[in-house]
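Data block below; observations after.
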Amino acid sequence: MAAKEHSASIEQSFEAKYHKGGKVVMQDDIEWPDAENIDTTLIPASLWLVGDRGVYLMSNGLPSMLVEGSQTNNVVAYAQGVDPRVDKEWYRVKHDVFGGDDGVEPLPLSLFSDLMELNDDDTIKILLMPESMLILAEPKAKPKAKSRTPKP
């Protein structure tokens with residue numbers, strides 16, 4: 001939320017509104033937008049829902065949020081069952097919930113504003129549908145306080 005610049009997703013790289021001068025400039029040697037022409041201050045802050053080696057959320061803020069002690073590994077939050085570090089069936093599950101192709105779906109931070117007060121052990125559920133998605137918070141059940149009746 002505090003980042004002043006943000007990385008563009010592949011789809012955003014092809015949108016003129018995110019390029020300097022409002023025009024997509026293609027690299028000469030390949031049919032791909034010139035990254036130097038993208039104005040990273042125009043890219044909206046978002047969490048990326050990524051499907052590649054697993055399915056996870058990560059910030060698009062620049063500079064990137066890196067794992068402590070790493071110069072290349074971004075901080076990510078893996079979806080349950082799709083973490084290749086611990087889930088044996090991660091690839092099958094990734095294919096079932098995200099499809100066979102890799103991809104990034106930018107999710108505006110405004111979708112998460114009501115969830116910022118969740119605890120670290122609370123759960124966020126993202127339900128993907130062909131034309132929409134639903135984001136739900138599932139706070140971990142808090143222990144009920146025991147009532148005591150004062151002794152007379």
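The values are calculated or read from the model by the stated rules, or taken from the named source; none is laboratory data. In this text, all values refer to a predicted model and were calculated from it rather than measured experimentally. Note that we place each Cβ from the backbone using ideal geometry, even for glycine, and neighbour counts take in every protein chain shown. Accessible surface is based on the protein model in full, side chains and every heavy atom, while ligands, DNA and RNA are left aside. Shrake-Rupley method; radii C 1.70, N 1.55, O 1.52, S 1.80 Å.
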Exercise. Taking only the stretch 20-73 into account, find how many residues are outside any loop (DSSP other than H, G, I, E, B) and among the hydrophobic types (A, V, I, L, M, F, W, C).
Key: 12
Exercise. For residues that are in a helix (DSSP H, G or I) and modelled with pLDDT under 90, scanning just the stretch 95-105, find the one that is nearest to Ser9 (Cα to Cα).
Key: Phe98
Self-check item: From Glu117, Glu131, residue being within 21 Å of Ala2 (Cβ to Cβ) and part of a loop (DSSP other than H, G, I, E, B)
Solution: Glu117
Quiz item: Taking interchain pairs and intrachain pairs at least six residues apart, which have beta carbon atoms under 8 angstrom, with the first residue in the stretch 58-75 and open to solvent by 60 Å² or more (accessible area, probe 1.4 Å) and the second among the hydroxyl-bearing types (Ser, Thr, Tyr) and part of a loop (DSSP other than H, G, I, E, B)?
Solution: Leu66/Thr72
Practice problem: Go through the stretch 7-28 and give me each residue that's of a type in the set (S, T, N, Q) and either crowded, with 19+ Cβ neighbours inside 10 Å or closer than 30 Å to Trp90 by Cα (or both). | Solution: Ser7, Ser9, Gln12, Ser13
Exercise. Residue by residue through the stretch 84-101, note down the ones that are over 15 Å from Ile126 (Cβ atoms) and surrounded by 12 or more Cβ atoms within 10 Å (Cβ to Cβ).
Key: Pro84, Asp87, Trp90, Tyr91, Arg92, His95
Quiz item: How many of the residues in the stretch 74-94 are within 13 Å of Val50 (Cβ to Cβ) and in a loop (DSSP other than H, G, I, E, B)?
Solution: 6
Quiz prompt | Among (1) open to solvent by less than 70 Å² (accessible area, probe 1.4 Å); (2) out of contact with any helix residue (DSSP H, G or I) (no Cβ under 8 Å at 6 or more places or on another chain), the one test that Glu31 misses | solution = (1)
